[in-house]
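Asker: The structure is given below, and queries will be raised subsequently.
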Amino acid sequence: MKHVREFWKMEKITTKNKKTLLTNLSTKPLNHNTAMKTSNFSLFTRLRIWLKYRVKAITPGKNALKGATLSLSIFTGIIWLLLAIGSSISIKDPWSLLLYLAVIITSVIVGFLLIFIIKLLHDIPRHYKRVLFVSIPLLFISFAFEYYIIVFFIIIASMIGASVGVLKKPGYKNLSMEARILTIIGMFLSVSGLATFIILYIPVGFDENIPENAALKSPAKIEHIQASSPADKGSYKVKILTYGSGKDKHRPEFGANVNIKTDSVNGLPFIDNWRGFGGWARTKFWGLDARSLPLNARVWYPEGEGPFPLVLVVHGNHFMQDYSDPGYDYLGELLASRGYILASVDENFINGSWSNVIGWLKKENDARAWLLLEHLRLWHQWNKTPKHVFYDRIDTNNICLIGHSRGGEAVGHAACFNTLPYYPDDALVKFNYNFNIQSVIAIAPCDGQYKPAKSKTAFKNVSYLVLHGAHDADVSTYMGSRQYERISFTDSLYHFKSGLYIYGANHGQFNTTWGNNDIAHPFTGLLNLKQLLPEKDQRQIAEVYISAFLEATLNRKTEYLPLFADARTGSDWLPETIYLNQFEDSKTRVLCNFDEDLNLGSLGKHKDAISGENLSVWHEQLITLKSGNKGTRAVYLGWNDKDSLQAVYSISLDNVDLELDSLSVFCFSLADAGEESDPRSKGKWLQQEQKKQHEQEKKEDKEKRQQQEQLQEEKKRQQQEKKKDKEPIDFTIQLEDSAGQIVKFPLSSFSYLQPTFKPKLMKVDFLSNDDDEWDVVFQIFLYSLSDLFKLNPEFDYKHLYKISFIFDRSKKGVVIIDKIGFMKNLRTI
């Protein structure tokens with residue numbers, strides 16, 4: 001305490017003496033004179049000096065550090081030696097000691113490398129080091145965590161500053177010629193690099209390898225749907241109103257100017273972490289909390305008596321201050337004119353915000369789903385309330401839910417919650433909804449943000465449509481295909497599920513307020529927007545498919561069904577791009593989906609029903625996506641012309657009652673695997689192949705010149721066939737009846753197989769090799785048995801015996817096949 005009191009005494013000293021004192025303080029004890037001399041420093045400096053001495057007083061000395069070093073080495077060595085000897089004795093293999101020795105050597109090398117790196121960092125000038133470590137996290141955020149750009153920017157900025165710093169100093173003239181040249185070169189390279197960055201940043205993007213549209217290449221004559229475009233405006237006059245709490249602080253349409261006032265609801269059971277600074281900031285902005293969530297929506301509705309089908313649409317996660325619910329006005333205007341009531345539900349108050357950095361809502365998609373059901377409860381009440389504007393004007397037997405992004409996941413949860421008696425995560429929260437939700441539409445949905453009872457959401461007997469863009473830079477994985485697989489149909493009514501994967505579509509252009517900026521980042525120049533569809537075209541696709549889906553599921557207009565299995569049936573209504581359709585309905589009978597067991601040759605109870613000949617690839621596995629997998633398995637089949645043998649994959653259907661008729665359609669899902677068709681030409685197989693080749697060469701005593709000539713000829717042949725290899729895959733399908741009569745037809749009689757495409761979502765993707773990651777996206781192939789019968793009138797499809805895939809039209813390839821079966825002709829349902 002004496003030193004502390006002396007430390008605060010005042011004595012004037014010169015600035016020069018201060019610097020000298022600070023330089024030597026670390027080597028001198030804190031005595032009376034030293035404390036007196038520091039008294040003229042600032043309060044912060046004096047505290048720092050005092051703290052430095054206190055720490056030094058308890059810092060171990062050299063002898064203590066030597067002892068600690070020796071002790072740690074001995075203890076670690078003993079423990080490692082015991083582990084090595086014990087493991088060697090346990091497995092009865094003394095050679096395993098070499099592994100433990102190798103680990104010691106590796107640890108020593110890594111330790112010295114770490115010390116070297118730390119030394120390098122320590123040798124960096126103090127001021128530059130401070131700025132560097134402050135800049136790195138800021139640049140990571142600024143450049144959307146693209147480390148290529150971050151490293152480039154740090155180098156360029158540092159080089160510019162270093163060059164300018166040298167050129168500014170008067171001593172530049174005294175530098176050696178080498179130093180001058182190096183400075184000028186550094187300035188030139190850094191300025192050129194910055195100019196290059198700006199030049200690359202300004203354009204909207206760059207051309208990627210745009211794949212050929214395989215469906216348009218096909219000779220198939222696809223009959224267009226004989227109906228008006230579902231995107232045409234209807235005959236109803238459209239009216240607009242809003243409903244809400246009347247207390248909104250920022251939007252008059254939900255505040256003082258709201259048309260219909262609604263009561264708030266308590267969402268506390270479904271929302272976690274509305275607390276701390278993040279919760280305080282959210283409450284401060286909205287004037288509400290989890291116990292008082294408003295039921296707000298914008299409504300477009302037709303003028304007329306009705307009753308009209310009801311459609312709710314809900315946005316996804318976006319900055320809560322940038323309101324998302326107005327972004328579906330184009331759907332509201334269209335659907336209301338066609339006789340639907342559409343309500344765009346406001347859930348902005350549970351969206352993200354800058355305050356999420358310090359506390360955010362966790363896994364709130366169950367709250368989004370529950371809010372939708374509370375809105376439906378409100379609509380049902382209005383439909384029964386005399387003198388209400390919607391009294392007896394709502395067709396509550398025909399309801400559809402539409403969701404975008406997280407909202408696309410939430411509509412699936414809502415369909416699941418709708419039939420449950422309790423909240424899956426808390427039985428004390430009772431449900432009693434059971435609304436007539438006929439269909440669900442998910443636009444670029446995520447999947448698994450919320451997991452009821454820690455499992456993925458599944459529901460049944462509700463029709464489902466998912467739309468996803470190949471150039472989605474937000475939800476970059478086709479997550480809706482997972483939910484698609486978890487939907488089943490078990491009742492006697494007609495239902496269907498369909499997926500549409502759209503080349504050139506992004507995440508945000510389905511919402512007019514989100515636009516083409518999928519990363520919600522001011523530096524949109526980081527995105528590669530060159531391949532994006534125009535906003536108008538992308539929304540036109542949404543209008544066509546969403547409107548047609550509602551017509552099919554709510555108004556039972558089945559003439560639009562073919563659109564969901566083949567986009568070409570509505571080609572006059574859609575902008576030209578690549579569409580991949582997935583489809584399955586309640587009348588589909590899947591014979592083979594590859595999920596039942598691990599026996600590659602089994603089909604149900606028949607253990608030897610499947611066979612393969614001359615295949616270079618044959619295995620079953622989970623279907624991969626960019627992130628994770630689809631949750632189901634399929635068969636991977638590959639072939640090449642290396643051995644000039646025909647590859648065949650066959651499925652025998654002996655004693656399988658198919659109940660086929662002239663309206664039946666043979667169907668299967670197919671995708672290009674984008675894999676090497678001869679995996680045994682590399683890796684572990686390559687060494688064996690080289691040995692065989694060497695022995696063969698030695699045996700036949702081939703000359704080197706002959707080998708070179710053969711290689712040159714092979715190179716020429718590969719160049720000639722290069723174009724053919726890039727052609728979309730085609731092969732032959734053969735059906736055989738029990739009497740041996742067959743029909744053979746090419747895959748391309750419906751469509752060629754669309755080659756895999758791997759979009760470049762960010763400009764920096766052109767610098768990286770991320771081609772190993774892509775979504776496996778299937779398309780359905782359909783072949784009418786009545787058309788196949790024309791190929792061979794003797795063929796008896798009622799007694800189908802065998803299905804064969806003969807890979808004879810493309811020289812090589814790997815395909816993924818799933819859901820082989822039969823369905824009804826969609827034009828006859």
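Asker: Sort out which residues of the stretch 320-335 are under 13 Å from N511 (Cβ atoms) and open to solvent by 10 Å² or more (accessible area, probe 1.4 Å), and write them in order of number.
Answerer: D322, Y323, P326, D329, Y330
Asker: Here's another thing I want to ask about it. Looking only at residues in the stretch 541-580 that are under 26 Å from the mean Cα position of the chain (by Cα) and part of a loop (DSSP other than H, G, I, E, B), which one is surrounded by the fewest Cβ atoms within 10 Å (Cβ to Cβ)?
Answerer: E576
Asker: Take the residues of the stretch 373-404 that are in a helix (DSSP H, G or I) and among the aliphatic types (A, V, I, L, M): which is most open to solvent (accessible area, probe 1.4 Å)?
Answerer: L378
Every residue, every condition in (1) within 30 Å of D654 (Cβ to Cβ); (2) at pLDDT 95 or above, yes or no:
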{"site": "L526", "(1), (2)": "no, no"}
{"site": "E551", "(1), (2)": "no, yes"}
{"site": "G570", "(1), (2)": "no, yes"}
{"site": "E596", "(1), (2)": "yes, no"}
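Asker: Also, I was wondering about something else. I need a count of the residues in the stretch 609-659 that are touching a strand residue (DSSP E or B) at 6+ places or on another chain (Cβ under 9 Å), at pLDDT below 85 and of a type in the set (S, T, N, Q).
Answerer: So the answer is 1.
Asker: Could you give every pair whose Cβ atoms fall below 8 Å, whose first residue belongs to the stretch 645-671 and is under 15 Å from H799 (Cα atoms), and whose second residue is open to solvent by 40 Å² or more (accessible area, probe 1.4 Å) and aromatic (F, W, Y), counting only separations of at least 6 or pairs across chains?
Answerer: S652/Y801; L653/Y801; D654/Y801; S662/F789
Asker: Still on this structure, please answer the following. Which condition number in (1) over 30 Å from Y450 (Cβ atoms); (2) free of Cβ contacts under 8 Å to residues at least 60 places away in the same chain is the one that K233 fails?
Answerer: For K233, the failing item is (2).
Asker: When you go through (1) outside any loop (DSSP other than H, G, I, E, B); (2) surrounded by 16 or more Cβ atoms within 10 Å (Cβ to Cβ); (3) not aliphatic (A, V, I, L, M) one by one for P211, which number turns out not to apply?
Answerer: (1)
Asker: Can you name every residue in the stretch 420-437 that is within 29 Å of the chain's Cα centre (by Cα) and surrounded by fewer than 24 Cβ atoms within 10 Å (Cβ to Cβ)?
Answerer: Those that are within 29 Å of the chain's Cα centre (by Cα) and surrounded by fewer than 24 Cβ atoms within 10 Å (Cβ to Cβ): Y423, P424, D425.
Asker: Can you tell me how many residues within the stretch 463-494 are farther than 21 Å from F778 by Cβ, more than 14 Å from the chain's Cα centre (by Cα) and not hydroxyl-bearing (S, T, Y)?
Answerer: Residues that pass the stated criteria total 2.
Asker: In the stretch 405-461, how many are closer than 26 Å to H471 by Cα and assigned to a helix (DSSP H, G or I)?
Answerer: Matching residues across the stretch 405-461 total 8.
Asker: Check whether at least one residue in the stretch 786-809 is within 38 Å of the chain's Cα centre (by Cα), buried (at least 20 other Cβ atoms within 10 Å of the Cβ) and outside any strand (DSSP E or B), and report yes or no.
Answerer: Within the stretch 786-809 (the criterion being within 38 Å of the chain's Cα centre (by Cα), buried (at least 20 other Cβ atoms within 10 Å of the Cβ) and outside any strand (DSSP E or B)), the answer is no, since none of the residues qualifies.
Asker: Restricting attention to the stretch 719-755, and to residues there that are farther than 27 Å from Y503 by Cα and of a type in the set (D, E), which single residue is modelled with the lowest pLDDT?
Answerer: E721
Asker: I'd like the residue in the stretch 759-785 that is polar (S, T, N, Q) and in a loop (DSSP other than H, G, I, E, B) and, out of all such residues, is most open to solvent (accessible area, probe 1.4 Å).
Answerer: Of everything passing the filter in the stretch 759-785, N769 is most open to solvent (accessible area, probe 1.4 Å).
Asker: Which condition number in (1) at pLDDT 90 or above; (2) part of a loop (DSSP other than H, G, I, E, B) is the one that A520 fails?
Answerer: (1)
Asker: Now for a different question. Picking from V466, V411, which residue would you name as being open to solvent by less than 10 Å² (accessible area, probe 1.4 Å), more than 18 Å from S627 (Cβ to Cβ) and touching a residue at least 24 places away in the same chain (Cβ under 8 Å)?
Answerer: Sole residue among the options that is open to solvent by less than 10 Å² (accessible area, probe 1.4 Å), more than 18 Å from S627 (Cβ to Cβ) and touching a residue at least 24 places away in the same chain (Cβ under 8 Å): V411.
Asker: To continue, here is another question. Do you know which of the residues in the stretch 585-613 that are in a loop (DSSP other than H, G, I, E, B) and under 26 Å from S439 (Cα atoms) is nearest to the chain's Cα centre (by Cα)?
Answerer: The selected residue is N593.
Asker: Can you tell me which residue among N434, N461 is touching a Ser or Thr at 6+ places or on another chain (Cβ under 7 Å), more than 17 Å from I402 (Cα to Cα) and at pLDDT 95 or above?
Answerer: None of the others qualify; the one that does is N434.
Asker: In the stretch 496-512, is there at least one residue being open to solvent by less than 20 Å² (accessible area, probe 1.4 Å), basic (K, R) and either closer than 28 Å to A565 by Cα or within 18 Å of the chain's Cα centre (by Cα) (or both)?
Answerer: Yes, some residue in the stretch 496-512 is open to solvent by less than 20 Å² (accessible area, probe 1.4 Å), basic (K, R) and either closer than 28 Å to A565 by Cα or within 18 Å of the chain's Cα centre (by Cα) (or both).
Asker: Outside any loop (DSSP other than H, G, I, E, B) and either surrounded by 13 or more Cβ atoms within 10 Å (Cβ to Cβ) or among the basic types (K, R) (or both): is that true of L167 in this structure?
Answerer: no
The values are calculated or read from the model by the stated rules, or taken from the named source; none is laboratory data. Quantities reported herein were computed from a predicted structural model and do not represent experimental measurements. Please note: Cβ atoms are built from the backbone with ideal geometry, for glycine as well, and neighbour counts cover all protein chains shown. For the accessible areas, the whole protein counts, side chains as well, though only heavy atoms, and no ligand, DNA or RNA atoms are used. Shrake-Rupley method; radii C 1.70, N 1.55, O 1.52, S 1.80 Å.
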